[in-house]
Amino acid sequence: MIQAIWIDIDDTLLDFDAYVKQAMQSGFTHFGLKPYEPQMFEVFDTINNGLWQQIEQGKLDFEGLQKVRFNTIFKALGIEFDGVRFERYFRECLWDSAILIQGVEPMLRYLSQKYLLYTASNGPYKQQLHRLEAGGIRHYFEDCFISEKIGVSKPDKAFYDRALQQLNQGREEAIAAAQCLMLGDSLRSDIAGGKAAGMQTLWFNKKGVANTTATVPDFEVRHLEEVKMYL
């Protein structure tokens, strides 16, 4: 029986994609760059996903990502500007970004009445906590498992093992991995990672993409309102 739900933050609870579009548009204006166009987000998304995949594979750290991300994006867009300088602007804006995915609060209200809730996220610890607070949803969670503090990133099994150990500290009756469910939008870091750790999984497939991987989630939803059908 499931006792604890672990939930990813970016693009599961908070709309990171919407933030990126907003920050790129305002940043291009702020620094006098060429006007932002919607297709530029696709360039960001492809490069950013590739860099995060390197982090998940242990080939890059977060500090390294910040040094190369926007330099790589600007090169692809034909923009001559200091990418590290733009990265600082981007991260300052991200600190206060808390755009909730549709259906988040009703889902958390429902789940919190039945299960223990935890976040499981890659990223800077203080930033992610602040964004949950800014979004008004931090109080739903017992604890927040975030890669900077855990010391390793999803989907590494060590992330889940260390987080589970932290979850069980001071608990008279330990909760096993099999009694936990990982809910997230990434097949690679959330679903594959959760399954490797022995957890049940629920894939938030908000874009309705075909699953062409060998990773098969236990459950799948297109909208967060559908979560209560399985939990």
- [ ] Within region 70-82, identify whether any single residue is assigned by TED's automatic domain parsing to the domain that holds ASN48 and within 25 Å of VAL152 (Cβ to Cβ), and answer yes or no.
- [x] yes
TODO: Would you check which residues across region 1-22 are within 19 Å of LEU183 (Cα to Cα), surrounded by 16 or more Cβ atoms within 10 Å (Cβ to Cβ) and of a type outside the set (Val, Ile, Thr) and list them?
DONE: ALA4, TRP6, ASP8, ASP10, ASP11, LEU13, LEU14, ASP15, PHE16, ASP17
- [ ] Could you please find all residues in region 101-131 being more than 24 Å from SER153 (Cβ to Cβ), surrounded by fewer than 18 Cβ atoms within 10 Å (Cβ to Cβ) and not hydroxyl-bearing (Ser, Thr, Tyr)?
- [x] GLN102, GLY103, GLU105, PRO106, ARG109, GLN113, LYS114
- [ ] Would you check which residues across region 97-107 are more than 16 Å from the chain's Cα centre (by Cα) and either at negative phi or in a helix (DSSP H, G or I) (or both) and list them?
- [x] GLU105, PRO106, MET107
Task: Residues being more than 22 Å from the chain's Cα centre (by Cα) and part of a helix (DSSP H, G or I) - total across region 36-83 - done: 6
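Does any residue of region 48-58 turn out to be assigned by TED's automatic domain parsing to the domain that holds GLN200, free of Cβ contacts under 8 Å to residues at least 12 places away in the same chain and either within 20 Å of ASP10 (Cβ to Cβ) or hydrophobic (A, V, I, L, M, F, W, C) (or both)?
No, there is no match, as no residue in region 48-58 is assigned by TED's automatic domain parsing to the domain that holds GLN200, free of Cβ contacts under 8 Å to residues at least 12 places away in the same chain and either within 20 Å of ASP10 (Cβ to Cβ) or hydrophobic (A, V, I, L, M, F, W, C) (or both).
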TODO: Answer with yes or no whether GLN25 is surrounded by 16 or more Cβ atoms within 10 Å (Cβ to Cβ) and without any contact (Cβ under 8 Å) to a residue 24 or more places away in the chain.
DONE: yes
- [ ] Could you list all residues from region 182-196 that are in contact with a strand residue (DSSP E or B) (Cβ under 8 Å, 6 or more places away or on another chain) and either touching a residue at least 24 places away in the same chain (Cβ under 8 Å) or farther than 10 Å from PRO155 by Cβ (or both)?
- [x] MET182, LEU183, GLY184, ASP185, LEU187, ASP190, ILE191, GLY193, GLY194
- [ ] Output the residue which, of all residues in region 28-67 that are of a type in the set (Asp, Glu) and closer than 15 Å to LEU77 by Cβ, is surrounded by the most Cβ atoms within 10 Å (Cβ to Cβ).
- [x] ASP45
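The values are calculated or read from the model by the stated rules, or taken from the named source; none is laboratory data. Keep in mind the model is a prediction, meaning the values are calculated, not measured. Ideal geometry is used to build each Cβ from the backbone, glycine not excepted, and the neighbour counts take in all protein chains shown.
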